Amino acid sequence: MAEDKEIEFERRQLSLFETEDGQVKSPNLLRCYKNRLVSIENMSVHDLFNGFDEIRVITFSYDVAMIHWLMKKFRYGEILLGADFMVRKDTRTTEKVAAMLAGADIAAEKIRKYSDLVQKMLDGNLVIHSSINILDHRKLYLLHSDDGRTRVITTSANMTRRAWSADQMENVAFYDESDAYAAYIQEFHTAWKMSADIPYKVVAAEETDSPKDANAILKKVVETNKAIILQTPAEDEQTVITNYQYVMDADKAREKYLELLKDTGIRTTKDGVIKLNPKIVEKIEVNAKKAGIRQIRLKQVVEPYPEITFDYQNLSMNLSGEPMNLNPPEEDVKADIKHLLSIFEKYNSFVGTDPEKQQDIYYKLLNAMFASPFFARLRCEAELLENAASSFPLYLLISSRHASTGKTFFIKAILKLMTGKKHLRTLAARSCSSKTAVALQVEGKGVPFFIDEVNNAYLSHMKSAIKDTEDICERLQLDTTPMLIFASNDVTNPDMPLRKRMIFLAPKGTIPSDVDQTAWLSAGNRLISRLGTGLYCEYIRRMLPKVRNLIDQIQEELKADVSHDWYPDIMPLSSETLMEIVKDFGFDQPSYFRMLNWSDDFSENARHIAADTFREIRELYASNKRVFTIDKNTVTIETGTDTASKRRIDSWAAVLPREVIKEEPMWIKTGWIIVFNRAELEKRSGIRFKDPWYRKFF
């Protein structure tokens, strides 16, 4: 029984030369060198290599430190790198080509670190090739001296320090006969012809993103304008051969070339040949540019969020720890102003509101974002002035009932002006919890965080943090705490406790429905890409002394034992500065570039907020008097039964002065109603309500 198992096992092992149909084929012939043992000697690596002038090497893997050490012993050298990889089984053409290109890449990168090796290459005394046609597993060292002496070293030791340190078992044999050298040098020349030169100009070149300039194989294709053969067919075309590839520290390079070889059309022909031609190299170059774009986006994900800090003593600004030039070139400032005004011009085509009103809202947003890195410091300074910090809120909500009002687009544009970073991460409310948002705010410095797609539930979770802003700013003296900016199509009427602690902006205009929104967005993104930091640096240069003076004024107010209504307001300083810059750099000042102040333009009772609501009520009265019930002392407006109608009158109640509101919104059988004090509503809205015809009888 045991004997039968042994026979069965032996049969399974005898499959080396079987074809798929079970037929046995004749094996390929191997080149064999018949040796005779002369002696066994204990020699050092110096004994083996010393005393010769030239060296030629084929090595499977290598380390450049060993090449560096060994070349000090020789005047001239030629080294063929067979592979610097570890076995990876793969038969795909792109995998093969990627491994070959990676090998050339890694070799050049490593050699570049040794200046005397680079010098030897420059002088023509060191020539290095990378194998492309075949994966050469041989370890062969051919030595030659000017007086005619030769030595051939055949070994299992690759050209690495470890292999030649005697710390691991290696087989070493050498021949000093001239006929042995003649035989092996012929093999070396054959392999040399089937490899690609790694020239000095690739090794010595500065780092480049262009593959055709950085890679020896691709460079050869471009310079000769001819295809080169990367692989020749096997002798027996009927035999399926699995190619083994080898990756170690070449992993990254191989992966890079896999990416660059996508859709280039490189393939193995029917006769088993892989050709790399100039057309394919050009496609690789295009792929490299695409990969470079993806690399920038990936970098943005892992790069720390930018930070803005100020030195008020020296009137300077740092962006992520690097000092910014607060005397930017004039052309940079002008370019930013030009592109910013072009962004404002885009709102002229919006429908649903007066364009200038839409521009006015975004002008306020521009000022709030530009000035926001100063807010935390001013809050900390004003801590002892009651209510003084309320004019420096660390939260801003921009909300509209409809999408496509340009909120996200504009915020991204201002962040680009402030930081120079195009792809700053926009946080989505669904993936950024309120706790995460607060943590980002505590850890951040200066640059606002933007959280999009906020709804009522999210804002409800943020309520405690917003109401207790002082806990994360003044009490901890975190004077670089950044602003959180929320954008929403849902939160149209935040309640008054929140309104008092945040800036609330409500644009109404939208992109026309017949406009190609993809084209509009594409044009907008091109505008954003052109923005730099010139305008913001000029703004900060002018603002820093003004803010320092404001800090001094706050401190003087703290010393004065006088009670009055003064509070610090940065908005006049910010709007004045932007108006000055536009004028000083030769631009016509748009009408919406105007002086702002906290009370009229940003506070919870800002004049414009109530004015908008009064205008809306006037327009409703002019178009649909039937929903108004006019009594001697009250005006009742009845809206529909739908959610939108409720939101509408809730927003009225949230923003109108309390003197105007007689009764809060309520539900009756026919819909939602709100009741106003007639005299106050007439006085503030300018409407003269007509009494019903029956009023004269009572």
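Select from segment 53-68 the residues that are buried (at least 20 other Cβ atoms within 10 Å of the Cβ) and over 52 Å from the mean Cα position of the chain (by Cα) and list them in ascending order. Within segment 53-68, no residue meets the criteria.
Residues are listed down the side, and each one gets a yes or a no for (1) of a type in the set (Phe, Trp, Tyr); (2) more than 18 Å from Leu140 (Cβ to Cβ); (3) modelled with pLDDT under 90:
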site: Ser15; (1), (2), (3): no, yes, yes
site: Arg31; (1), (2), (3): no, no, yes
site: Ile55; (1), (2), (3): no, no, no
site: Ile67; (1), (2), (3): no, no, yes
site: Leu80; (1), (2), (3): no, no, yes
site: Phe85; (1), (2), (3): yes, yes, yes
site: Lys96; (1), (2), (3): no, yes, yes
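Condition check for Arg377 on (1) touching a residue at least 24 places away in the same chain (Cβ under 8 Å); (2) charged (D, E, K, R); (3) surrounded by fewer than 19 Cβ atoms within 10 Å (Cβ to Cβ): one failure, at (3).
Applying the criterion of being more than 21 Å from Gly82 (Cα to Cα) and surrounded by 13 or more Cβ atoms within 10 Å (Cβ to Cβ) to the residues of segment 121-144, the residue that is modelled with the highest pLDDT is His144.
Can you say whether Thr613 is under 29 Å from Pro497 (Cα atoms) and more than 48 Å from the chain's Cα centre (by Cα), as far as the supplied structure shows? Reasoning before the result, please.
On the way: under 29 Å from Pro497 (Cα atoms): yes; more than 48 Å from the chain's Cα centre (by Cα): no.
So Thr613 fails the test.
Here is a check on your reading of the model: is Ser488 touching a Ser or Thr at 6+ places or on another chain (Cβ under 9 Å) and buried (at least 17 other Cβ atoms within 10 Å of the Cβ)? Yes: the conditions hold for Ser488. Annotation: Ser342 fulfils all but one of (1) modelled with pLDDT under 95; (2) under 26 Å from the mean Cα position of the chain (by Cα); (3) under 30 Å from Gln477 (Cα atoms); the unmet one is (3). Highlighted here are the strands (runs of 3 or more DSSP E) found entirely within segment 604-676 that include at least 3 residues which are touching a residue at least 12 places away in the same chain (Cβ under 8 Å) and not assigned by TED's automatic domain parsing to the domain that holds Thr492: 634-638, 661-668.
With respect to Met595, determine if the residue is in contact with a helix residue (DSSP H, G or I) (Cβ under 7 Å, 6 or more places away or on another chain), surrounded by fewer than 16 Cβ atoms within 10 Å (Cβ to Cβ) and modelled with pLDDT of 90 or more. Even if it seems obvious, please write down each step before you answer.
On the way: in contact with a helix residue (DSSP H, G or I) (Cβ under 7 Å, 6 or more places away or on another chain): yes; surrounded by fewer than 16 Cβ atoms within 10 Å (Cβ to Cβ): yes; modelled with pLDDT of 90 or more: yes.
For Met595, the condition - in contact with a helix residue (DSSP H, G or I) (Cβ under 7 Å, 6 or more places away or on another chain), surrounded by fewer than 16 Cβ atoms within 10 Å (Cβ to Cβ) and modelled with pLDDT of 90 or more - is met.
If the requirement is being among the hydroxyl-bearing types (Ser, Thr, Tyr), over 25 Å from Phe602 (Cα atoms) and in contact with a Ser or Thr (Cβ under 6 Å, 6 or more places away or on another chain), which of these qualifies: Thr629, Thr670? Can you show your working first?
Details: Thr670 fails: in contact with a Ser or Thr (Cβ under 6 Å, 6 or more places away or on another chain).
Being among the hydroxyl-bearing types (Ser, Thr, Tyr), over 25 Å from Phe602 (Cα atoms) and in contact with a Ser or Thr (Cβ under 6 Å, 6 or more places away or on another chain) holds for just one of Thr629, Thr670, which is Thr629.
For segment 203-214, the criterion of being assigned to a helix (DSSP H, G or I), within 25 Å of Leu117 (Cβ to Cβ) and modelled with pLDDT of 55 or more is met by at least one residue. Which ones in segment 606-651 are acidic (Asp, Glu) and within 16 Å of Ile687 (Cβ to Cβ)? Matches in segment 606-651: Asp612, Glu616, Glu619, Asp631. State whether one or more residues within segment 376-388 are among the small types (Gly, Ala, Ser) and within 31 Å of the chain's Cα centre (by Cα). Yes, some residue in segment 376-388 is among the small types (Gly, Ala, Ser) and within 31 Å of the chain's Cα centre (by Cα). Among the numbered conditions (1) more than 22 Å from Arg499 (Cα to Cα); (2) surrounded by fewer than 17 Cβ atoms within 10 Å (Cβ to Cβ), the only one that Ala457 does not meet is (1). Being over 17 Å from Val491 (Cα atoms) and either in the same structural domain as Leu573 (by TED's automatic domain parsing) or in contact (Cβ under 8 Å) with a residue 24 or more places away in the chain (or both) narrows it down to one residue among Ala371, Ala403; which is it? One residue alone meets the criteria, Ala371.
The values are calculated or read from the model by the stated rules, or taken from the named source; none is laboratory data. Since the model is a prediction, treat every value here as computed from it, not as a measurement. Ideal geometry is used to build each Cβ from the backbone, glycine not excepted, and the neighbour counts take in all protein chains shown.
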